[in-house]
Each structure stands twice: as structure tokens, then as C-alpha cells.
Amino acid sequence: MNNVTSPIAAIAWPKRRPGNRWLICTVIVAALVALPVLGLFLQAIQGSPGLWQHLATTILPISMVDTVILLLGVGIVSAVIGTTMAWLVTAYSFPGRRTLEWALLLPLAVPTYIIAYAYLDILHPIGPVQSAIRWLLGYSSPREFRLPDVRSMPGCILLLGFVLYPYVYMPTRVMFLTQSANLIDAARTLGISRRAIFWNVALPLARPAVAVGVSLALMETLNDVGASEFLGVRTLTVSIYTTWITRTDLPGASQIALLLLLMVVALVSFERWARRRQRYSATAQRNRGFEPLRVSSPKGLLLLMLGLTPILIGFAAPALYLLTSAWQRIRFAGVSSNLLNEAVNTVALAVIATATTIAFGLVVAYANRLRPGAVSSWSYRFATMGYAAPGTVVAIGVLIVLATADRLVDQAAIDWFGVSTGLLFIGSGAALIYAYTMRFLAISAGGIDAGLGRIPLSLDQASRLLGQSPAGTLRHIHLPLSKAALTAAGLLVFVDCVKELPATLLLRPLNIETFATHLYGEAARGTYEEASVAALAILLIGMLPVILLSRIGRSDR
């Protein structure tokens with residue numbers, strides 16, 4: 001009897017494939033990211049037809065026109081500056097070129113709302129710049145002479161262009177560096193000048209990189225709420241904020257957010273369309289690199305001054321202004337306890353969000369490595385789509401989902417225990433952590449995925465042969481070998497959480513201030529000197545990824 005085998009036991013059940021749990025977890029993460037988008041869509045279609053007609057006749061015409069004009073202007077300015085600077089430091093050799101290569105990244109450290117905040121005071125009619133110009137020209141009053149108001153559409157376009165051009169500069173410079181010198185030499189043997197080489201050879205080959213950089217700059221423009229509002233430009237993003245905060249109209253804000261999301265989808269589609277021929281910009285063979293042309297000292301000095309101009313406007317001037325204002329403020333009143341509380345709030349929220357984002361990014365990236373296929377690939381795409389969405393869109397979607405969850409939990413607690421939980425998620429800061437994680441998960445997952453991609457798959461196979469589970473392989477092999485990628489991803493996420501303004505404004509708990517929200521409030525009241533210390537702190541934190549990028553650039557040479 002003991003040797004009789006049950007028919008059921010005799011069935012050869014298939015063994016469970018390794019990584020199933022990781023795959024399930026990445027599907028859950030993707031669902032959590034997609035849920036606010038679904039909630040936004042449902043909330044938008046529930047709005048009454050009369051509400052949409054009201055938006056279409058009163059708010060959307062101005063907002064759409066302003067948004068389109070701003071996008072066109074910022075796209076042109078950032079493309080011209082970024083491409084010109086990339087060609088300048090690639091095609092010519094002059095004193096200071098090496099310094100310019102990384103210094104041109106410095107405006108990345110300045111959030112858009114900080115450059116608007118700084119220049120509103122710098123270029124004020126009684127500010128230092130206009131006062132100095134009047135003194136030089138012999139005028140004594142702003143009534144006699146004043147520059148055009150920076151609080152305008154042209155002012156907004158120029159300021160955003162000078163702070164966002166590094167998004168174009170970085171990929172375009174890489175494209176110029178990787179272009180074959182053989183093509184340049186062939187063009188020069190035909191008697192073509194260096195200027196003509198740029199227009200006829202280098203620029204056409206670099207168009208995909210320029211398009212990618214412009215798309216990133218335009219996404220940052222769509223995400224901006226502080227600079228546009230400070231400078232009097234009523235974009236769709238500003239309209240979302242005012243519709244919800246001022247009018248408490250969530251369906252109306254959802255409908256505008258849905259329209260803004262469609263614009264983002266159009267930008268992403270344009271970026272992918274522009275990259276479709278990027279593979280033609282390089283050959284399979286490793287060619288000689290592009291050698292810069294050494295120029296004379298007078299021309300070199302002129303090129304150096306030209307390269308320093310965007311650094312001066314996009315970083316040095318606002319940084320010097322903030323440093324001076326912060327020092328005067330500290331000398332006059334010291335460091336307030338409120339500022340210390342804001343520092344604690346800012347760092348605590350950013351640290352929690354960074355840890356959550358890195359954990360989710362690790363799940364998504366590792367599942368994509370363990371179980372490559374349609375499920376993991378689509379889950380990865382859904383999990384990382386939040387970075388393309390503006391912060392206001394993410395915040396409205398998260399608000400809709402967690403407000404519903406708060407109502408359900410509160411009703412269940414009353415029915416079962418007779419106790420009201422109130423705003424459990426929205427009031428505790430969980431909504432803000434959720435928004436940060438959804439918004440910046442692409443940075444985490446992308447960085448970790450790149451780090452894991454450098455580890456040979458043979459190490460995974462050897463680990464399994466030694467009896468390690470996927471979790472054990474991750475703990476003993478992948479994490480130690482991916483420390484640099486994890487650290488870089490964590491740093492970028494932390495800095496972006498500190499700088500994020502739109503989502504923080506909409507979702508922060510009551511009586512909680514961060515550096516970004518404090519600066520926004522003081523700038524809205526016109527008390528610029530009160531927020532200078534907070535703005536300087538954000539600027540210094542924002543320099544961390546710029547330093548990281550410059551170190552990477554030097555190590556790759």
C-alpha cells in the first residue's frame with residue numbers, strides 16, 4: 001500500500017518560475033501610478049456640460065493662447081542657446097573652454113520659480129539694475145526712464161529659456177562629440193567654412209538630440225506654476241491651481257488637467273517621432289572624435305564672454321542676489337525658528353519620498369530584469385509615466401484618489417468602531433509622498449535599470465545554481481554592484497522633491513510649510529527678502545546633481 005502513488009501526486013506540476021512575486025509587485029506599482037490618471041479622467045467626465053462650456057468660454061481661451069505662446073518662445077530660446085553653447089565648447093578650443101563645459105550646466109540648479117522670484121527684484125524699477133542704468137544715463141526717477149516690465153510674456157519666455165537651455169545643451173553636446181570627424185574633414189576638404197559645416201553637417205545630424213532636449217524643456221515649462229504666476233502669464237498649469245485653490249472647483253480643475261495631460265502626450269509623441277532616425281547619426285565603426293579648432297586669443301576671449309552670458313543670466317546673477325539678500329536678512333533678524341521648521345519639513349518629506357521612490361524603482365527595474373516580457377515591459381512603462389505629467393496634474397489625480405479613500409475609510413471606521421478617522425491620507429502628508437513617488441519614479445527606475453544593465457546575467461545564473469533566491473541574488477550581488485546607480489538615483493530624486501512646487505502647494509497638510517511653499521507665499525506677497533534664505537537653500541541643494549553630472553562628464557573623457 002505504501003508504494004501506491006496517488007494519481008494526483010503523479011501529475012508533473014510545472015515549477016513556479018523565479019521572479020513571479022517581483023512581477024506581481026511591479027504590476028501593483030504600475031497600477032498605483034495609473035490610478036490617479038484614471039481618477040482624473042473619471043472626475044473630468046463627471047463634470048457637468050455647463051461647466052465645460054464655462055471653462056471653454058472664460059478660462060481656456062486665454063490659458064491655451066498663453067501656454068502655446070510660452071511653449072513656442074521657450075522652445076526657440078532654449079534651442080538657440082543650448083545648441084549654440086554645445087557647438088561653442090565642442091567646435092572651438094579657447095582658454096576657459098573646459099570650465100565652460102560643466103559651468104553651462106549650473107542653471108539646472110535654479111528652479112524656474114526661483115529665477116522669476118530673483119529677477120522680479122533685480123529688475124524692479126527701483127532695483128539695482130535699473131537704478132544703475134539711470135545713474136549712468138543721468139536720470140533720477142523711474143518716471144524719466146525705466147526698462148520694459150519683466151512681468152510679461154517676453155520676460156517669462158527669456159527667463160525660462162535661460163534656465164532651461166541645459167536640457168538642450170547636454171544631449172546636443174554629446175551628439176556633437178560623437179559625430180565622426182571624417183564627415184567634418186570631408187566637408188572642409190570641399191572648402192566649406194566651419195559655420196557652413198555647423199548648418200549643413202553637424203546640426204542636421206544633431207536634430208534628434210535637439211528635439212529631445214526641447215521636449216524636456218517644454219515639459220518643465222508645462223510643469224511650472226510659480227514663475228508663470230509671478231510673471232503674469234496665465235498658463236493651463238496656473239489655471240488648474242487657481243481653479244482648485246481659489247474656486248474650490250475640483251471637476252473644473254480636473255478637466256483643465258486632462259487637457260494639459262493631452263498636451264504632454266503630444267510632446268512625448270513629438271519627441272519619439274524626432275528620435276526615430278537617431279540611429280542614422282552614427283556608424284557601426286568607432287571613428288576619430290571631433291577635434292576642436294584652436295582660435296586666436298582675441299577671438300577666444302570673445303567666445304569665452306559669449307559662453308559666460310547664459311551662465312551669468314541663468315545662474316550667477318540670481319545666485320549672487322540670493323546670497324546678498326540672505327546675508328542681509330540673517331544680519332538683521334537672524335535665522336528664524338520658522339525657517340528651521342521648514343528645513344525639517346522639507347528634508348523629512350524628501351527623505352521619506354526618496355526612500356519610497358527608490359524602493360518602488362528597485363522593484364520595477366529588478367522585475368524587468370528577472371522576467372523580461374510584455375507584462376514587465378508594460379508595467380515599467382506605466383510605472384514611469386508620471387515624470388512626463390506636470391506636478392499639478394499628478395496632484396489633482398492623487399487628490400481625487402486619496403479623497404475617495406479617506407471617505408471610504410472614514411465611513412468604515414464609523415460603521416465598525418463609531419470613530420471618525422477624518423482626512424487620514426490627505427491630512428497626514430501621505431498624499432504628498434504619493435505624488436512625489438509617482439512623479440519621480442521614472443528617475444529611480446531608469447537609474448537603477450541602467451545600473452543593473454551593467455551587471456552580466458551570468459552572475460544571476462551562477463547565484464541560482466548556488467541556491468540563492470531572486471531576493472538573495474539582489475541582496476548579495478545586485479545591490480553591492482549597483483551602489484553608485486542607487487546613490488545617484490536617490491540624490492536626483494531627493495533634489496527634485498525639495499524643488500517640487502506645484503504638487504507641494506496642492507497637497508501639503510495644513511500648517512506645514514516647506515522651503516518651496518514658503519518662498520512662493522513670500523513672493524506672492526511681494527516680501528522678497530523674507531524668502532531669500534529658503535531660496536538660497538533650495539539653490540544650494542539643487543547644485544548637487546549638477547556637481548554629479550560634471551564629475552560624470554569629466555570621468556567619461
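Values as computed for the structure displayed
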{"item": "The listed residue being farther than 18 Å from residue 223 by Cα, modelled with pLDDT of 90 or more and of a type outside the set (Asp, Glu), out of 435, 430", "result": "430"}
{"item": "Residue count for segment 130-152, restricted to those that are crowded, with 17+ Cβ neighbours inside 10 Å and either modelled with pLDDT of 95 or more or part of a helix (DSSP H, G or I) (or both)", "result": "2"}
{"item": "Residues of segment 80-89 that turn out to be crowded, with 24+ Cβ neighbours inside 10 Å and more than 30 Å from residue 264 (Cα to Cα), as a count", "result": "1"}
{"item": "Unique residue being modelled with pLDDT under 90 and assigned to a helix (DSSP H, G or I) when the list is 87, 52, 13", "result": "52"}
{"item": "Any hit, segment 321-333, residues being closer than 29 Å to residue 165 by Cα, within 19 Å of the chain's Cα centre (by Cα) and either open to solvent by 60 Å² or more (accessible area, probe 1.4 Å) or not charged (D, E, K, R) (or both)", "result": "no"}
{"item": "Residue satisfying all of: in segment 464-476; free of Cβ contacts under 8 Å to residues at least 60 places away in the same chain and of a type in the set (Gly, Ala, Ser); farthest from residue 390 (Cα to Cα) among these", "result": "467"}
{"item": "Any chance residue 357 is on the phi < 0 side of the Ramachandran plot and open to solvent by less than 20 Å² (accessible area, probe 1.4 Å)", "result": "yes"}
{"item": "Residue within segment 472-486 that is closer than 30 Å to residue 242 by Cα and aliphatic (A, V, I, L, M) present", "result": "no"}
{"item": "Of all residues making up segment 358-395, the number that are within 18 Å of the chain's Cα centre (by Cα), farther than 20 Å from residue 471 by Cβ and not aromatic (Phe, Trp, Tyr)", "result": "12"}
{"item": "Breaking point among (1) among the β-branched types (Val, Ile, Thr); (2) under 22 Å from residue 230 (Cα atoms); (3) modelled with pLDDT of 90 or more; (4) open to solvent by less than 20 Å² (accessible area, probe 1.4 Å), for residue 77", "result": "(4)"}
{"item": "Output for segment 483-521, where each listed residue is free of Cβ contacts under 8 Å to residues at least 12 places away in the same chain and outside any loop (DSSP other than H, G, I, E, B)", "result": "483, 487, 521"}
{"item": "Residue that is modelled with the highest pLDDT, among those in segment 288-308 that are of a type outside the set (A, V, I, L, M, F, W, C) and surrounded by 13 or more Cβ atoms within 10 Å (Cβ to Cβ)", "result": "307"}
{"item": "Scope segment 424-438; condition closer than 16 Å to residue 501 by Cα and either β-branched (Val, Ile, Thr) or surrounded by 24 or more Cβ atoms within 10 Å (Cβ to Cβ) (or both); matching residues", "result": "431, 432, 433, 434, 435, 436, 437, 438"}
{"item": "Those residues of segment 106-127 which are outside any helix (DSSP H, G or I) and crowded, with 22+ Cβ neighbours inside 10 Å, in sequence order", "result": "110, 111"}
{"item": "Of all residues making up segment 399-440, the number that are without any contact (Cβ under 8 Å) to a residue 12 or more places away in the chain and more than 22 Å from residue 41 (Cβ to Cβ)", "result": "10"}
{"item": "Flag for residue 217 being over 20 Å from residue 61 (Cβ atoms), buried (at least 22 other Cβ atoms within 10 Å of the Cβ), in contact with a Cys (Cβ under 8 Å, 6 or more places away or on another chain) and modelled with pLDDT of 85 or more", "result": "no"}
{"item": "Some residue of segment 467-488 being open to solvent by less than 10 Å² (accessible area, probe 1.4 Å) and within 23 Å of residue 164 (Cβ to Cβ)", "result": "no"}
{"item": "Failed condition for residue 73, given (1) farther than 26 Å from residue 202 by Cβ; (2) over 19 Å from the mean Cα position of the chain (by Cα)", "result": "(1)"}
{"item": "Residues satisfying the stated conditions in segment 223-247, i.e. surrounded by 23 or more Cβ atoms within 10 Å (Cβ to Cβ), small (Gly, Ala, Ser) and out of contact with any Phe, Trp or Tyr (no Cβ under 6 Å at 6 or more places or on another chain)", "result": "228, 239"}
{"item": "Looking only at segment 386-395, and only at residues there that are in a helix (DSSP H, G or I) and among the aliphatic types (A, V, I, L, M), the one that is modelled with the lowest pLDDT", "result": "388"}
{"item": "Yes/no for residue 479 being of a type in the set (A, V, I, L, M, F, W, C) and touching a residue at least 60 places away in the same chain (Cβ under 8 Å)", "result": "no"}
{"item": "Boolean, residue 40 is at pLDDT below 90, under 22 Å from residue 430 (Cα atoms) and either crowded, with 16+ Cβ neighbours inside 10 Å or out of contact with any Cys (no Cβ under 9 Å at 6 or more places or on another chain) (or both)", "result": "yes"}
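A quick yes/no check of all residues on (1) open to solvent by 60 Å² or more (accessible area, probe 1.4 Å); (2) at pLDDT 85 or above; (3) assigned to a helix (DSSP H, G or I):
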position: 172; (1), (2), (3): no, yes, yes
position: 183; (1), (2), (3): yes, no, yes
position: 188; (1), (2), (3): yes, no, yes
position: 196; (1), (2), (3): no, no, yes
position: 205; (1), (2), (3): no, no, yes
position: 210; (1), (2), (3): no, yes, yes
position: 213; (1), (2), (3): no, yes, yes
position: 221; (1), (2), (3): no, yes, yes
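The values are calculated or read from the model by the stated rules, or taken from the named source; none is laboratory data. Being a predicted model, the structure only gives us computed values, none of them experimental. Please note: Cβ atoms are built from the backbone with ideal geometry, for glycine as well, and neighbour counts cover all protein chains shown. Side chains included, ligands, DNA and RNA excluded: accessible areas come from the protein's heavy atoms. Shrake-Rupley method; radii C 1.70, N 1.55, O 1.52, S 1.80 Å.
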